[in-house]
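Just so it is clear, none of the values below were taken in a lab; they were calculated from the coordinates. Treat the numbers as computed from the prediction; the structure is a model and nothing was measured. Neighbour counts are summed over all protein chains in view; Cβ atoms, including those assigned to glycine, are modelled from backbone coordinates with ideal geometry.
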Amino acid sequence: MTPTAPAKWGLRGLAFGYLGLLLLAPVAMIFYKTFEHGLGPPIEAMTSPDAIHAIQLTLLMVAVAVPLNTIFGVGCALLLVRRRWWGNAVIDAIINLPFAISPIVIGLSLLLLYGSGGWFGPSLEEAGVEVLFSWPAMVLASIFVSLPFVVRETVPVLQEIGTEQEQAASTLGANAWQTFWRVTLPAIRWGVAYGVVLTTARVLGEFGAVTIVSGSISGETETLPLFVAKAFEQFDEEAAYAGAIVLALLALTTLLLMSVGGRKAKAQGGPVPITGDAAISTSNTKEGS
Amino acid sequence: MDAHPASVPPVSAAPRAGIRLPGVGAGLGRGLVVLYLSLMVMLPLAAVVDNSLSGGLDAFWRSVTGDQAMAALKLTVACSLIVVAINAFFGTIIAWVLVRDEFPGKGAVNALIDLPFALPTIVAGLTLLTLYGSESPIGLNVAFTRVAIVLALCFITLPFVVRAVQPLLMEMDREMEEAATSLGAGGFTTFRRIIFPNLMPGIIAGIMLAFARALGEYGSLILISGNIPFETEVSSVFIRSQIESGNVPGASAVSVVLLALSVLMLVLVSLFVRSGAHGEKRGVLVRTVNRVIGRSQVGGGA
């Protein structure tokens with residue numbers, strides 16, 4: 001269909017206007033505000049002891065939560081796709097739960113498990129293990145919110161590649177472990193990598209769940225998103241903007257990795273992970289034909 | 001698993017290992033998966049449900065129907081409904097422009113659509129405040145009003161409808177539209193009678209997911225909404241304030257309501273994509289929805 005020129009420009013105007021006002025202008029504005037007085041102030045704000053500690057703690061969250069969820073994710077995806085079991089449907093439904101639950105509710109749930117009045121709280125206290133208002137609870141919150149990504153990205157790739165190569169490997173004498181490392185993992189690596197990128201991005205930016213269980217103590221239990229919120233509330237706008245820019249740049253890197261990963265996966269013959277990429281390339285070919 | 005005893009010839013042992021070992025491995029793996037999910041997800045959620053009922057059903061009901069809790073819940077649902085309506089309109093238009101229109105920089109615009117999914121929610125709120133807050137350079141200060149809530153929710157849910165509609169639009173048979181045009185249908189009639197009905201399943205799936213996400217949103221609202229009880233306090237913020245004032249069972253009760261609503265939306269979406277479309281379109285829709293669900297939570301929030 002070729003709409004009339006006014007209709008086409010009208011639609012373009014609405015789409016660009018909406019995106020511009022909602023997305024582009026605010027993002028441009030925060031970059032402008034951050035670098036209004038040059039590079040000095042934001043760099044200074046990001047090298048304060050509290051800021052450095054917040055960055056380190058955020059990286060610790062990533063270092064613990066991402067490997068755990070990656071190992072779990074690949075194993076769980078293998079079981080869901082390769083082994084029939086009555087419990088698979090239940091596991092599949094539970095995996096989606098962290099996507100549906102408010103982060104505040106996730107924070108509260110951990111509070112009720114590990115808090116002083118919680119299920120495990122008193123016995124942990126007796127054992128002298130500090131979970132709540134300390135990094136272990138924050139790691140648990142990060143694991144909870146980012147749990148589904150690797151599973152969700154790996155399952156469709158596993159379904160796509162089929163089992164022929166794995167069967168061939170095992171016929172040729174490879175054991176289960178060798179088959180996994182030499183055949184399955186190389187075939188699904190882009191799907192897994194994609195899941196890891198999403199998991200990392202989610203852990204880096206998590207705010208709601210972590211804010212409940214951390215106590216948000218400056219220089220102790222403050223991740224970068226918590227640092228941003230607190231700086232803003234204390235009218236230290238320079239630090240808030242600088243922290244936000246660091247997180248925004250990480251988000252832009254995530255987007256970049258997502259679109260590169262999408263293209264690699266497509267080149268590998270796997271399913272195309274990015275809806276939009278597919279949309280564009282297909283429409284281009286149609287347009288060209 | 002990888003070390004064969006020296007006395008066993010590896011060649012004859014290997015094929016057997018390939019068949020037998022995964023059986024044992026699968027049982028062990030299953031156990032570990034179930035244990036991990038139980039410890040990380042199910043046990044914490046059970047604690048919330050248990051705590052919400054700690055004072056009995058009466059106390060649960062009183063907490064949920066209390067004035068402030070009810071006001072927050074109504075505001076949350078009302079704002080979410082407004083936001084999905086806005087999304088349905090603009091999301092469809094943006095998807096159309098991205099698939100059918102040609103303009104320089106289309107790839108960049110398309111990649112940018114996912115930014116609200118990738119951006120941490122606290123940054124999203126702060127970003128909106130720089131342009132629409134008290135220091136607004138264009139004199140448009142909506143901070144601490146209900147408009148701010150709608151604005152922030154529109155920001156974080158932007159990609160849902162766009163991404164759910166795009167693949168359907170791509171797969172659409174253009175011959176239908178050409179036939180309509182050659183039979184004398186104008187641009188708007190073609191849209192209303194041919195394009196729109198074909199995109200409807202995507203739009204509905206998109207707004208259901210956006211609704212579920214908007215219900216539980218917290219991070220992007222905390223700085224911009226002002227969190228004024230009975231005015232701009234949404235349910236997630238209400239839960240936080242109840243925790244801080246020591247009313248944990250009250251917080252749990254409202255949490256259970258939010259939890260039930262979000263899970264209900266997920267169930268409805270999956271029932272809908274299975275029944276709401278047929279043939280090839282269903283496959284496209286199922287894959288799309290799974291993908292959108294998977295991408296939607298990167299920046300945080302649910």
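Sub-6 Å Cβ pairs linking a first residue in segment A:238-251 that is farther than 17 Å from A:Leu59 by Cα to a second residue that is part of a helix (DSSP H, G or I) and among the charged types (D, E, K, R), at least 6 apart or interchain, are A:Tyr241/A:Lys33, ordered by first then second residue.
If you take the residues of segment B:28-59 that are of a type in the set (A, V, I, L, M, F, W, C) and more than 18 Å from B:Ser255 (Cα to Cα), which of them is surrounded by the most Cβ atoms within 10 Å (Cβ to Cβ)? Among those that are of a type in the set (A, V, I, L, M, F, W, C) and more than 18 Å from B:Ser255 (Cα to Cα), it is B:Val33. I'm checking my understanding of the structure. Among residues of segment A:55-108 that are within 30 Å of B:Ser235 (Cβ to Cβ) and assigned to a loop (DSSP other than H, G, I, E, B), which one is farthest from the other protein chains (Cβ to nearest Cβ)? The qualifying residue farthest from the other protein chains (Cβ to nearest Cβ) is A:Ile101. When A:Phe149, A:Phe232, A:Phe133 are checked against the criterion of being of a type outside the set (S, T, N, Q), touching a residue at least 40 places away in the same chain (Cβ under 8 Å) and under 30 Å from A:Leu255 (Cα atoms), A:Phe149 stands alone in meeting it. Only a single criterion out of (1) of a type outside the set (Val, Ile, Thr); (2) under 20 Å from A:Gly115 (Cβ atoms); (3) in contact with a helix residue (DSSP H, G or I) (Cβ under 7 Å, 6 or more places away or on another chain) is not satisfied by B:Asn247, namely (3). Candidates in segment B:60-76 are the residues that are β-branched (Val, Ile, Thr) and buried (at least 16 other Cβ atoms within 10 Å of the Cβ); of these, the one that is farthest from the chain's Cα centre (by Cα) is B:Val64. Annotation: of all residues in segment B:224-243 being among the aliphatic types (A, V, I, L, M) and surrounded by fewer than 24 Cβ atoms within 10 Å (Cβ to Cβ), the one that is farthest from B:Ser136 (Cα to Cα) is B:Ile243. Among the residues of segment B:205-223, is any farther than 28 Å from B:Val64 by Cα and part of a helix (DSSP H, G or I)? Yes, there is a match, as at least one residue in segment B:205-223 is farther than 28 Å from B:Val64 by Cα and part of a helix (DSSP H, G or I).
Table: residues versus (1) free of Cβ contacts under 8 Å to residues at least 40 places away in the same chain; (2) over 29 Å from A:Pro136 (Cβ atoms).
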{"site": "A:Pro6", "(1), (2)": "yes, yes"}
{"site": "A:Ile30", "(1), (2)": "no, yes"}
{"site": "A:His53", "(1), (2)": "no, no"}
{"site": "A:Phe72", "(1), (2)": "no, no"}
{"site": "A:Arg84", "(1), (2)": "yes, yes"}
{"site": "A:Asp92", "(1), (2)": "yes, no"}
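For segment B:92-114, a residue qualifies if it is in contact (Cβ under 8 Å) with a residue 40 or more places away in the chain and facing another protein chain (nearest Cβ under 9 Å), and the qualifying residues are B:Ile94, B:Ala95, B:Trp96, B:Leu98, B:Val99, B:Arg100, B:Ile113, B:Asp114.
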